[in-house]
Every structure is written in structure tokens, then in C-alpha cells.
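The values are calculated or read from the model by the stated rules, or taken from the named source; none is laboratory data. Bear in mind the structure is a predicted one, so any value in this text is a computation, not a measurement. Glycine gets a Cβ as well: all are built from the backbone with ideal geometry, and neighbour counts include every protein chain shown.
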Amino acid sequence: MEPSQPSPSEDEAVAGTGRVVTAPVPLEEATRTPYVRRRAPVVAVLMTSRDRRRQTLRALDALADQRSLPPGTALRVHLVDAGSRDGTADAVRAAHPEVEVHRAGAGVRWGEGIRLASRNSRAAGATPFTHQLWLRDDVVLADEALALLLATSRSLGDTAVVVGAVRDGRVPGTRPGTTPLAYSGRRRTRGPHRLPLVEPTGRTELCDTYDGAAVLLPRAARDRVGDLDRAFRHTLGDLDHGLRARRARVPAFVAPRAVGERHTVPLPPASEEPGIGVREALRRRTAELPPRVWWTYCLRHAGVRAPLLAAAPYLRTALRTARG
């Protein structure tokens, strides 16, 4: 993989393909300046969920409570319910009747659900959106999160992807705002396709790709890059989208502050369960990371290192299990 790109200077930000993006407007100025001769923001919020009623309702409650939005801002929430059996769809309709709930089969995964929600946001008769917001159902936004994302987008000319960093909300003994990152933008290092999370610094930070937890795409960026690729039904679609945006000369920036918290506890991979044999560990690992999907991703983004990168997670699983 190519080395990571230089950090932006005060006067320019260099996207991955070498395009120079004009210097951003200061965030405070973008926040204060009224929308003149332009539509107020219409944000299509894209979500998908399955059997996570409590988390989904909490995420929607936080979204409904957003403050300091530009005057006239409209939210259009498109939720794909992937065959929930815990009453998620009915509970959402009762608590948030403004949300468009699309019932899909239980086999629909996160990437497919976001694609369906995006299609619904562009349906005939729908209010044309100015931005799309990908929002995971386990993310509880801070009160002014969307205002921050919109102001950051505006400061960048509404042409760049804006990534909201999300902190882990379930780390005992830590003060608010100091917990580790759960999701954020990611930046390439010189290692073999390592993509560490980008910590917010109080200013916009260029990133190479992003997790799809809280991502704002202005219309111009969405139309240039498109939706998540149908090749990635669940995982990797967000990372692939960010790397495709980079190639399309659409820069991505992490917003100056974290925008919310994750309120679920991720389970450890089943392939790492102690005491299982190598064959069973590999069977589980290939279910977690389907080889065909992983190979597609590696082939697109790893260049000549694709074969080695494609084999690496399965070799690591086999070696770790064999060592006990």
C-alpha cells in the first residue's frame, strides 16, 4: 500500500489523489453565517437495525433531541428493519411516527440495509436531500452533534465527507469524553494496511477512510462516490467507500470533536474462543470475514500485497489456535 498522505497545512488539504482543496472557512464563521440564497439543510438519515429495539429507540431519541441546528433544518429518517423479532419496527413507529420504516428480510446485513435506506431517500416524491447521514443504531449522538457535522461540512464547502468520531460509552472508571474511540475516521500508516482511528483534535483532521457509524455526506460527495458497494453486504463496505472517495478526489475529514457514544458491548470474535480446534476456529473466522468479500477488498485496495493481506487473518487465526 502507498504511504499515508501528508497532513493538511493551514492553507490547503491534500486529498489522496493530489487534488488541492481550498482552505476551509473557520468553523465558528460557518456556524454564525445564515443560509442565504440556499436551501436549509435537508438531512436524510440512513439506519438499519435488527433485534435491537432498545438501542434503536435510544439512538432515535437522541437524534430527535438535536439542538442548535440551522433554521429550517429538516430530518428525514429512513430505517431498514432487517427482520427483527423483538418488535423494533412497531416500537419505532409508535415512538417516532415520522420515521420511515422499511421492513426487510432477516438476511439483510448492515451494508445492504444502508443501501436500501439510501435508495428510499432518493425515491420519487421524496424531498431532495442536501446531505445523507449514516448512523449506526448503537450510537447515541450528543445534543449538538448534527449541528457540528453540518457546520464542519459547510466550512469545507459542502464538498467533503465529514466523519463523526464516536467514543465507547461503556468503559468503567473513565470520565465523560475521555473514553477510547469506538468509531472514527482512519488514516493509513506505513504498515501492511493498518488503519488506526483518528482522534479528534479540536480542528478538522484529514483521514483516508472511515467507519460508517456517524458519517455526513453532502449531496455533491454522495453523488460523486455513490452508495456502499453491493459487494460488501455487511463489513468492509464503509472502509471501501472511504477509499473510493479518496480515489474520486472527495476528501474526508474527522470533525473537531467527538459526536456521541456507542452504547453496546461488542462481543469478542467467536473464532477466538479458547479451547476450540484449528478447524473450528477457521470455520468461524471465515464466517466472520468471508474470504470472497475480503479478497475483493484486498484486490481493490492492497495492490501487489493483496495475496499476502488476503491470507493474513486466516493464518493468524490458525497460528493463534495452534499455540493454544
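Of note:
- Helices (runs of 4 or more DSSP H) completely within region 87-201 that count 1 or more residues being within 16 Å of the chain's Cα centre (by Cα), charged (D, E, K, R) and under 28 Å from residue 231 (Cα atoms): 110-121
- Test: residue in region 258-266 that is without any contact (Cβ under 8 Å) to a residue 12 or more places away in the chain and surrounded by fewer than 14 Cβ atoms within 10 Å (Cβ to Cβ): yes
- Residue in region 170-177 that is touching a residue at least 60 places away in the same chain (Cβ under 8 Å) and out of contact with any Asp or Glu (no Cβ under 6 Å at 6 or more places or on another chain) present: yes
- Restricting 179, 159 to residues that are closer than 19 Å to residue 256 by Cα, modelled with pLDDT under 95 and surrounded by 14 or more Cβ atoms within 10 Å (Cβ to Cβ) narrows the list to 179.
- Search result, residues across region 102-135 that are closer than 16 Å to residue 75 by Cα and either of a type in the set (Phe, Trp, Tyr) or surrounded by 20 or more Cβ atoms within 10 Å (Cβ to Cβ) (or both): 117, 118, 121, 129, 130, 131, 132, 133, 134, 135
- Which numbered condition residue 246 fails, given (1) assigned by TED's automatic domain parsing to the domain that holds residue 54; (2) buried (at least 16 other Cβ atoms within 10 Å of the Cβ); (3) touching a residue at least 40 places away in the same chain (Cβ under 8 Å); (4) touching a helix residue (DSSP H, G or I) at 6+ places or on another chain (Cβ under 9 Å): (4)
- Out of 263, 193, 234, 241, one residue alone is modelled with pLDDT under 90 and within 20 Å of residue 113 (Cα to Cα). It is 234.
- Once region 207-242 is narrowed to residues that are assigned to a strand (DSSP E or B) and touching a Ser or Thr at 6+ places or on another chain (Cβ under 6 Å), the residue that is surrounded by the fewest Cβ atoms within 10 Å (Cβ to Cβ) is 218.
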